[in-house]
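Each remark here refers to the structure printed beneath this line.
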Amino acid sequence: MVLSGRSPSRRRLTAALTALSCAVTLTAACTGDDDGGFRPGAADIGDPYVPGRGNGGYDVTHYGLDVRYDPKTDRLTGRATITATATQNLSRFNLDLVGLNVGVVTVADERAEHRRDDGELVVTPRDRLARGRAFTVVVDYAGVPTAVTDGELGSGGFLHTDDGAIALGQPDSAATWFPVNDHPSDKASYDIAVTVPDGLSALSNGVPGPRSSADGWTTWRWSERTPMASYLSTLVIGNYRVVTGEHAGRPLVTAVAASLPANGGAAGSLARTGEIVDFLASRFGPYPFDAYGGIVVADDRVGYALETQSRPVYGPAFFTDDRPNPGVVAHELAHQWFGDSVSLHRWSDIWLNEGFASYAEWLWEEHDGGRTAQRNFEVQYASTDWSQPSVEPGRERMFGTAVYKRGALAVHALRRTVGDDIFFRILRTWTTERASGTATTSDFVALAERVAGRQLRPLFDAWLVGGAAPTLP
């Protein structure tokens with residue numbers, strides 16, 4: 001994500017990496033007891049940065065979403081078919097779902113009891129689910145979707161627009177338009193079918209499938225086969241100029257809101273997607289997904305750009321006065337490796353996403369004839385507030401400067417310390433070994449030390465969480 005951040009007290013990196021001892025756990029201690037060893041799955045995955053989000057007791061492997069949206073009434077109807085595996089003996093489980101009404105729920109083809117509890121859908125299957133059992137949940141739901149407003153993190157979710165809708169946001173968005181285990185530690189593949197009135201576009205993640213029309217409605221189909229974190233899913237409906245082509249043997253789909261200039265800065269920036277991806281692949285390793293693309297929306301409520309998997313979404317503010325901005329495209333495309341393919345296991349490590357994407361902006365600027373990465377490093381070093389840590393920045397600072405820019409400084413400091421050959425080998429090893437999975441800061445430090453053959457924890461300690469300006473390497 002790109003947007004534009006009170007600082008926690010000084011901490012050592014080793015303390016920051018162990019502070020969340022109960023975070024992102026799915027243990028029986030969190031669930032309570034039931035007879036025969038069967039227990040309810042946790043209703044909160046335990047990540048303090050997103051309280052109430054995520055659920056325990058199961059692992060989702062696939063979402064099949066079939067939704068229909070009418071902009072005139074702002075009503076969405078949907079069926080979610082969720083394939084999962086029980087990770088404990090389950091008597092019941094939760095899905096995150098905000099503001100929509102639920103009709104029928106089935107588990108393993110049998111009607112299941114269900115109830116709503118604020119933003120939770122609590123499902124009790126007819127037959128209990130033994131640990132290791134694969135099962136399918138089907139949820140029929142409908143209603144007028146809403147956005148989620150957070151006093152510290154802003155709003156995200158389903159936005160009604162003049163010509164359609166935008167479902168987007170970090171860390172919250174997915175649960176406003178489908179039932180989901182809404183935490184990046186549980187990634188899954190997706191098939192998405194979106195039915196809208198003829199003449200409107202319905203854009204989402206992954207490879208485009210065949211379209212079909214009947215009775216004044218058109219169904220658009222999308223498939224993302226590589227596991228995706230839920231906040232990286234998107235749905236953009238409205239009047240868009242959609243361009244479908246191919247790059248490096250994969251589909252490249254871009255779309256710009258019809259109200260924006262056809263040959264303006266937004267369109268020109270998206271047109272460089274293939275070029276920018278190729279450059280980043282030369283530094284980070286092969287592109288990790290089956291499709292490329294990007295979407296520029298015209299709604300001023302979207303004051304950020306977000307790395308929605310395979311097809312980032314950009315708000316209009318990045319192309320003010322119709323100026324091109326390939327730098328933001330480089331940032332969001334870099335996230336396809338750092339954040340999308342290798343995803344966060346817990347939100348306190350968000351610098352792993354934003355520090356590397358910010359550094360990619362420096363690499364691209366240098367490649368594109370602008371300021372060098374070293375010069376960007378020097379300028380940013382001189383203006384950094386070292387009291388604000390990159391790791392475990394505090395929930396209110398998830399999108400603060402320390403996460404983005406201090407994170408980028410740490411990346412360049414690593415490069416200066418180990419040299420270019422080892423540095424880029426570390427990055428390519430990270431994106432290869434951790435592809436399609438999740439990771440923590442500890443994981444990255446351990447991998448960097450292994451590849452470099454030397455101790456690097458003191459370096460990361462100083463550059464990521466130390467309270468004073470580090471010595472320049």
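The values are calculated or read from the model by the stated rules, or taken from the named source; none is laboratory data. The structure presented is a predicted model; accordingly, all values stated were derived computationally and were not measured. Quick reminder, even Gly has a Cβ in these numbers, built from the backbone with ideal geometry, and neighbours come from all protein chains shown. Protein only, heavy atoms only, side chains kept; ligands, DNA and RNA dropped before computing areas. Shrake-Rupley method; radii C 1.70, N 1.55, O 1.52, S 1.80 Å.
Show me, for the range 332-348, the HN-Hα J-couplings you get by feeding each phi into the Karplus relation (A = 6.51, B = -1.76, C = 1.60, θ = phi - 60°), rounded to Hz, glycine and proline as x.
Taking θ as phi minus 60°, the curve returns 6, 5, 4, 4, 4, 8, 9, x, 9, 6, 9, 9, 6, 8, 8, 5, 5 Hz for the range 332-348.
Which whole-angstrom value gives the distance between the alpha carbon centres of the range 109-152 and the range 217-236?
Between the Cα centres of the range 109-152 and the range 217-236 lies a distance of 20 Å.
Hey, how many Å between the Cα centroid of the range 318-351 and the Cα centroid of the range 167-194?
So the separation of the two Cα centres works out to 18 Å.
Restricting to the range 224-342, what percent of DSSP beta bridges are antiparallel, rounded to 5?
On the way: 10 of 18 bridges.
Percent antiparallel among DSSP bridges in the range 224-342 is about 55.
Per-residue accessible area for PHE319 at 1.4 Å probe radius, Å² rounded to 10?
We get 20 Å² for PHE319.
If amide hydrogens are placed 1.01 Å from N in the peptide plane, which non-local residues have theirs closer than 5 Å to the one on HIS247?
Under 5 Å from the amide H of HIS247 lie the amide H atoms of LEU252, each far enough along the sequence or on another chain.
With all pairs of different alpha carbon atoms counted, what Kirkwood hydrodynamic radius in Å does the range 88-140 show?
Values: mean 1/r = 0.0881 Å⁻¹.
It is 11.4 Å.
Below 8 Å between Cα atoms, with a sequence gap of 6+, how large is the relative contact order for the range 126-228 in percent? Working shown, then result.
Details: 146 pairs, mean separation 18.7, N = 103.
That works out to 18 percent.
Of all trypsin sites (Lys or Arg not before Pro) in the range 41-122, which ones are in loop regions per DSSP and have a Cβ with at most 11 other Cβ atoms within 10 Å?
On the way: sites: ARG53, ARG68, LYS72, ARG75, ARG79, ARG92, ARG111, ARG115, ARG116; in loops: ARG53, LYS72.
Sites meeting the loop and neighbour criteria: LYS72.
Let me check something: with ligands and nucleic acids excluded, how do SER390, SER383, SER282 order by accessible area (1.4 Å probe), largest to smallest? Could the numbers behind the result be given before it?
Details: SER390 0, SER383 85, SER282 60 Å².
I get SER383, SER282, SER390, largest accessible area first.
For the chain, compute Rh as the Kirkwood radius over C-alpha pairs and then the Stokes-Einstein diffusion coefficient at 25 °C and 0.890 mPa s; write the answer in µm²/s, rounded to an integer. Mind showing how you got there, number by number?
Details: Rh = 22.8 Å.
Result for D is 108 µm²/s.
With θ set to phi - 60°, apply the Karplus curve 6.51 cos²θ - 1.76 cosθ + 1.60 along the range 303-316 and write out the HN-Hα couplings as whole Hz, x wherever there is a Gly or Pro.
x, 8, 10, 10, 7, 3, 4, 6, 8, x, 10, 10, x, x
Check which residues have an amide H placed less than 5 Å from ALA43's amide H, if you skip close sequence neighbours.
Here GLY56 satisfy the definition.
Find the Cα radius of gyration of the range 236-374, compare it with 2.2 N^0.38 Å by division, and give the number to two decimals.
Values: Rg = 14.4 Å, N = 139, 2.2 N^0.38 = 14.3 Å.
Dividing the Cα radius of gyration by 2.2 N^0.38 Å gives 1.00.
Give me the number: length gained by fully extending THR429 to THR85, i.e. 0.36 nm times residue separation minus the C-alpha to C-alpha distance, one decimal in nm. Walk me through the numbers before you get to the answer.
Values: separation 344, 0.36 × 344 = 123.84 nm, distance 2.96 nm.
Using 0.36 nm per residue and subtracting the Cα-Cα distance, I get 120.9 nm.
Please express the Cα-Cα pair-distance distribution P(r) of the range 107-241 as a list of whole percents, one per 5 Å bin, running from 0 to the bin with the greatest distance.
Result returned by the calculation: 2, 9, 15, 20, 20, 16, 12, 5, 2, 0.
Work out from phi, with θ = phi - 60° and the Karplus expression 6.51 cos²θ - 1.76 cosθ + 1.60, the ³J(HN,Hα) of each residue of the range 131-137, listed in order in whole Hz, and give x for Gly and Pro.
Karplus values, whole Hz, x for Gly and Pro: 3, x, 7, 7, 8, 10, 10.
Would you compute the Debye intensity of the range 345-473 from its alpha-carbon atoms alone, equal scatterers and no solvent, and pass along log10 I(q)/I(0) at q = 0.17, 0.22 Å⁻¹ to two decimals?
Per q value, in the given order, log10 I(q)/I(0) is -0.88, -1.49.
Can I get the semi-axes of the range 46-165's equivalent ellipsoid? Compute them from the C-alpha gyration tensor as square roots of 5 times the eigenvalues, in angstrom, largest first. Please report the intermediate quantities before stating the final value.
Details: eigenvalues 145, 68, 27 Å².
Semi-axis lengths for the range 46-165 are 27, 18, 12 Å.
Quick check: the distance between the Cα centres of the range 394-473 and the range 247-308, to the nearest angstrom?
27 Å
Given the chain, what percent of its DSSP beta bridges are antiparallel, to the nearest 5? Could you put the intermediate results ahead of the total?
Numbers: 79 of 98 bridges.
Antiparallel bridges: around 80 percent, rounded to the nearest 5.
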